[in-house]
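Q: My questions will all concern the structure given below.
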Amino acid sequence: MNLLEITNLHASIEEDGHEILKGIDLVIRPGEVHALMGPNGSGKSTLAHVLSGRPGYVVTQGSARFLGMDLLAMPAEMRAREGIFLAFQYPVEIPGVSNTYFLRTAVNTVRKHRGQPELDAIDFLALLDEKAKLVEMEETLLNRSVNEGFSGGEKKRNEVLQMAVLDPKLAILDETDSGLDIDALRVAASGVNALRDGARGMLVITHYQRLLDYIIPDFVHVLSDGKIVKSGDKNLAKELEAKGYSWIEKEPPATASAVAGAAAR
Amino acid sequence: MSDAVLDTLTRQEYPHGFVTDIDTDVIPAGLSEDVVRLISNKKGEPEWLLDWRLKAYRHWLTMVEPKWARVTYPPIDYQKIVYYAAPRSSKEGAPKSLADVEPELLAMYEKLGVPLKEREILAGVAVDAVIDSVSVATTFKEKLASVGIIFCSFSEAVREHPDLVKKYLGSVVPSSDNFFAALNSAVFSDGSFCFIPKGVRCPMELSTYFRINQADTGQFERTLIVAEQGAVVSYLEGCTAPKRDTNQLHAAVVELVALDDAQIKYSTVQNWYPGDREGKGGIYNFVTKRGKCAGRNSRISWTQVETGSAITWKYPSCILLGDGSVGAFYSVALTNNYQQADTGTKMIHIGKNTRSTIVSKGISAGHGQNTYRGAVTIMKNAEGARNYSQCDSLLIGDQCGAHTFPYIEVKNSSATLEHEASTSKIGEDQLFYCRQRGLSAEDAVSLIVNGFAKRVLKELPMEFAVEAQKLLGVSLEGSVG
């Protein structure tokens with residue numbers, strides 16, 4: 001079964017009715033890593049938000065199915081419990097709530113939903129310890145309040161840590177590379193790579209090709225003005241890097257969606 | 001806020017809103033010198049106490065209700081309030097032991113989660129249970145008496161320890177202090193009395209559980225805690241009331257006295273009925289609480305979690321008289337629906353090298369209005385006084401309000417004062433972040449609020465911190481759709 005199947009998805013901003021997504025088609029099968037690239041304002045983050053159920057958007061047409069379920073009919077927390085994880089572009093601070101406590105609450109909420117027994121403090125700490133090594137996270141950060149006073153790199157590593165602990169079926173990484181220096185990027189990417197296991201699907205959203213030097217995608221899609229205008233393999237990213245987004249925007253979109261369809265099959 | 005998530009405001013039912021059917025001795029509504037005499041007579045009080053009450057009553061007649069607080073409510077008709085109501089069984093005086101307490105009363109407290117059967121208590125908390133106007137039971141009295149601690153109802157203290165009561169009653173909050181304190185002094189019916197003798201560290205938490213049951217009744221209790229030289233005590237009060245459409249008045253007075261090196265930690269979890277979603281009904285909570293650090297190096301700390309009441313008007317304060325004495329005020333005040341709270345503290349530095357800490361966390365949801373009002377006064381001789389104040393406000397939704405009025409008066413140039421304040425809003429971003437990790441919207445709000453209030457909650461005795469955390473969650477339940 002397809003992990004994620006998006007068909008002709010149109011979405012607008014709730015407040016002003018402005019249409020951002022203008023007919024997205026995309027299929028992600030288990031184990032596949034898809035990169036989604038595109039210029040600023042093309043709708044990359046909006047797609048991540050609509051898929052994860054962030055309020056503020058209205059889907060006007062089309063569908064999104066996750067493991068056969070009607071994703072768009074589910075509240076955000078149900079999507080998370082079913083296995084969709086969003087690594088935030090701008091992780092949020094929650095003062096006074098320890099990182100460890102937050103994560104344990106989340107893990108046990110998800111486990112409960114899956115019919116698994118909740119983890120006690122000792123078992124959870126063992127799991128956390130193991131996963132923290134993946135992203136080279138210091139213990140002091142685990143005891144601090146969620147993201148409070150974290151550097152940009154620490155926040156992004158914390159997102160990857162949460163992803164590792166929550167063990168999602170589909171991970172959406174929204175510009176995880178933005179604001180990171182090269183060392184932080186390497187650490188975050190190696191954490192992500194460690195989670196590639198042939199079953200988990202990933203949608204890696206990025207503006208720049210450099211992240212894809214570390215996370216090698218199976219497919220690359222280019223988003224422009226709310227539509228996927230070109231799809232290909234990892235070489236497409238390199239070609240984009242060389243020629244710039246204006247190269248894609250000149251191409252007629254009909255060809256592009258044919259390629260996207262081929263890639264999906 | 002744009003999102004629909006925070007717009008829909010509903011509320012979980014107040015869990016303590018039931019009425020217990022007990023045979024109650026109620027005097028007619030209204031207030032006069034005769035009523036004051038009747039109350040005193042019902043309690044079989046000595047002449048000096050009646051005189052004290054009458055003096056307070058006559059002074060009260062000359063006073064006007066304070067209007068400076070940032071709360072609005074229709075005028076209170078003091079002639080429509082019942083000033084004395086007591087469960088019939090305790091008409092002849094408080095029961096001698098738990099065996100004499102009416103089974104309906106025991107069942108009521110059990111339903112409220114207040115344990116009165118000593119053998120069932122694991123944590124070792126001594127409880128004085130006050131319903132309407134009287135104390136119905138006090139636990140662990142004998143055990144406490146064995147180390148010299150007196151813990152009993154106020155009425156019993158008047159009978160058994162008149163010299164102590166006479167010495168300290170009104171010594172911190174004079175009967176003429178303010179409108180509501182004067183009213184309380186005239187008609188107070190019962191409350192708790194606690195005396196920790198020199199050098200004794202109280203072996204268990206002491207607590208009073210206040211319950212209003214009767215309709216149209218005001219509750220006017222007094223609590224007096226005295227800690228002699230080097231004594232240490234931790235005290236907790238809890239409050240609930242049935243759901244009613246009418247507003248009920250609660251005007252209490254609490255006085256604390258700490259002598260040299262003594263420590264009093266006073267914690268409150270106030271959960272009076274807050275009124276319904278439209279703001280109908282609820283308790284008017286007008287309370288005067290003040291502690292006097294009379295001795296050198298004495299300490300008094302107030303910790304309060306205020307989630308109930310339609311209106312809260314209270315300012316637990318410290319008079320830092322003894323050199324080196326320390327005062328603290330830790331507060332979480334939560335207003336949801338149409339609740340209004342105007343609360344804070346006064347720290348009055350008189351002695352040298354006195355220190356005070358104020359941490360106030362206000363949470364507003366629905367149409368709630370939350371005001372912090374505090375004063376730090378450094379008197380002329382308070383060399384080296386220090387104060388640290390922190391006032392934070394958290395807003396949930398866009399219909400509520402948070403207001404901060406810090407007053408500072410410094411008459412000694414060697415003083416050090418720090419003040420920090422912040423206002424934040426539970427944003428769509430925080431909520432969505434939590435929900436994306438699998439938490440429901442309500443669990444997310446509860447988590448964020450508890451994180452916000454953490455610095456205060458950790459000041460509560462362990463047994464009650466967990467309860468307070470749950471209470472914050474329950475009080476906000478339904479504040480996000």
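Just so it is clear, none of the values below were taken in a lab; they were calculated from the coordinates. Values in this document were obtained by computation on a predicted structure and should not be read as measured data. Methodologically, a virtual Cβ is constructed for each residue, glycine included, from the backbone with ideal geometry; neighbour enumeration extends over all protein chains shown.
Q: Compute the FRET efficiency between residue B:77 and residue B:38 as 1/(1 + (r/R0)^6), taking r as their Cβ-Cβ distance and R0 = 25 Å, and round to the nearest 0.05. Kindly include the intermediate steps, with their values, before the conclusion.
A: On the way: r = 20 Å, r/R0 = 0.78.
Calculated value: 0.80.
Q: To continue, here is another question. In bins 5 Å wide, starting from 0, what share of all Cα pairs of segment B:177-275 does each bin hold, as a percent?
A: It works out to 3, 12, 21, 19, 18, 13, 8, 4, 2, 0, in whole percents.
Q: With the convex hull built on the Cα atoms of segment B:196-354, state its orientation-averaged projected area in nm². Provide the component values of the computation, followed by the final result.
A: Details: hull surface 33.9 nm².
One quarter of the hull surface, i.e. the mean projection, equals 8.5 nm².
Q: Hey, quick one: spin label on residue A:195, modelled 7 Å out along Cα-Cβ, who in segment A:128-155 has an amide N within reach, i.e. under 12 Å?
A: Residues A:131-132, A:134-135 fall inside that zone.
Q: While we're looking at this one, here's another question. Hey, which of these cross-link pairs are over 26 Å Cα-Cα: A:133/B:454; B:67/B:289; A:44/B:425; B:80/B:314? All intermediate terms of the calculation are to be shown ahead of the outcome.
A: Working: A:133/B:454 29 Å; B:67/B:289 19 Å; A:44/B:425 28 Å; B:80/B:314 23 Å.
From the list (A:133/B:454; B:67/B:289; A:44/B:425; B:80/B:314), the Cα-Cα distance tops 26 Å for A:133/B:454; A:44/B:425.
Q: Kindly rank B:73-79, B:294-300 from highest to lowest mean number of other beta carbons found within 10 Å of each residue. Walk me through the numbers on the way to the answer.
A: On the way: B:73-79: 10.4, B:294-300: 24.1.
Ranked from most to least packed, the peptides come out as B:294-300, B:73-79.
Q: Across the residues of B:451-458, average count of Cβ atoms on other protein chains within 10 Å? Could you put the intermediate results ahead of the total?
A: Working: counts 11, 4, 1, 5, 2, 0, 1, 1.
Mean shielding by partner chains, rounded to a whole number: 3.
Q: At 0.36 nm per residue, and after removing the present C-alpha to C-alpha distance, how many nm does the segment from residue A:148 to residue A:58 gain when stretched out fully?
A: Stretched fully, the residue A:148-residue A:58 segment lengthens by 29.2 nm.
Q: Roughly speaking, what is the stretch gain from residue A:114 to residue A:208, that is 0.36 nm per residue apart minus the C-alpha to C-alpha distance, in nm to one decimal? Please list the in-between numbers first.
A: Working: separation 94, 0.36 × 94 = 33.84 nm, distance 3.64 nm.
Stretched out fully, the residue A:114 to residue A:208 stretch lengthens by 30.2 nm.
Q: Let me ask you something else. Which value, to two decimals, describes the C-alpha radius of gyration of segment A:157-241 once divided by 2.2 N^0.38 Å?
A: Values: Rg = 12.9 Å, N = 85, 2.2 N^0.38 = 11.9 Å.
Normalised Rg, Cα atoms only: 1.08.
Q: Note down the net charge around residue A:31, summing +1 for each Lys or Arg and -1 for each Asp or Glu among other residues with Cβ under 11 Å from its Cβ.
A: Details: positive: A:29, A:169, A:196, A:200; negative: A:32, A:197, A:218.
With Lys, Arg at +1 and Asp, Glu at -1, the neighbours total +1.
Q: Calculate the spin-label point distance for residue B:381 paired with residue A:136, positioning each point 7 Å from the Cα along the beta-carbon direction, and give it in nanometres.
A: Reported label-point gap for residue A:136 and residue B:381 is 6.3 nm.
Q: Per 0.36 nm of contour for each residue apart, how much would the distance between residue A:2 and residue A:186 grow if the chain were fully extended, relative to their Cα-Cα spacing?
A: Values: separation 184, 0.36 × 184 = 66.24 nm, distance 3.00 nm.
Between residue A:2 and residue A:186, full extension yields 63.2 nm more.
Q: Using a cut-off of 18 Å between alpha-carbon atoms, which aspartates and glutamates can reach residue A:227, once sequence neighbours fewer than 8 places away in the same chain are excluded?
A: A:5, A:19, A:25, A:174, A:249, A:251
Q: Take every residue in peptide A:95-102, count the Cβ atoms of other chains within 10 Å of its Cβ, and give the average of those counts.
A: Mean shielding count: 5.
Q: Separate question: Give me the Kirkwood hydrodynamic radius of segment A:4-264 in Å, from all C-alpha pairs, to one decimal place? Let's see the in-between values first.
A: Details: mean 1/r = 0.0530 Å⁻¹.
Answer for segment A:4-264: a Kirkwood hydrodynamic radius of 18.9 Å.
Q: Here is a follow-up. Divide, for the protein assembly as shown, the radius of gyration over alpha carbons by 2.2 N^0.38 Å, where N is the residue count.
A: 1.15
Q: Report, in degrees rounded to the nearest 10, the 0 to 90 angle that the Cα long axis of helix A:253-264 makes with the longest principal axis of chain A.
A: Long axis of A:253-264 versus the principal axis of chain A: about 50 degrees.
Q: Give the calculated FRET efficiency between residue A:122 and residue B:462 to the nearest 0.05, with a Förster radius of 22 Å applied to their Cβ-Cβ distance.
A: 0.60
Q: Determine the sum of side-chain charges near residue A:117: Lys and Arg each +1, Asp and Glu each -1, restricted to other residues whose C-beta is under 12 angstrom from that of residue A:117.
A: Numbers: positive: A:111, A:112, A:114; negative: A:118, A:120, A:123.
Around residue A:117, the charge tally is 0.
Q: Show me B:149-155, A:26-32 ranked by packing, highest mean number of other Cβ atoms within 10 Å first. Write out the running numbers ahead of the final one.
A: Values: B:149-155: 23.6, A:26-32: 18.4.
Top of the packing list down: B:149-155, A:26-32.
Q: Next question, about the same structure. Which value, to two decimals, describes the C-alpha radius of gyration of segment B:427-481 once divided by 2.2 N^0.38 Å? Working shown, then result.
A: Details: Rg = 11.8 Å, N = 55, 2.2 N^0.38 = 10.1 Å.
Ratio of Cα Rg to 2.2 N^0.38 Å: 1.17.
Q: Follow-up. Order by neighbour count: A:12, B:446, fewest other Cβ atoms within 10 Å first, most last.
A: On the way: A:12 19, B:446 22.
Result, fewest neighbours first: A:12, B:446.
Q: What's the average, rounded to a whole number, of partner chain beta-carbon atoms within 10 Å of each residue's beta-carbon in B:352-364? Write out the running numbers ahead of the final one.
A: Values: counts 0, 0, 0, 0, 0, 0, 0, 0, 0, 1, 0, 0, 0.
The shielding value for this peptide is 0.
Q: Using alpha carbons only, what's the Rg to Rh ratio of segment B:283-416 with Rh from Kirkwood? List each step's numbers first, then the result.
A: Working: Rg = 15.5 Å, Rh = 15.0 Å.
Across segment B:283-416, the Cα-based Rg/Rh ratio is 1.04.
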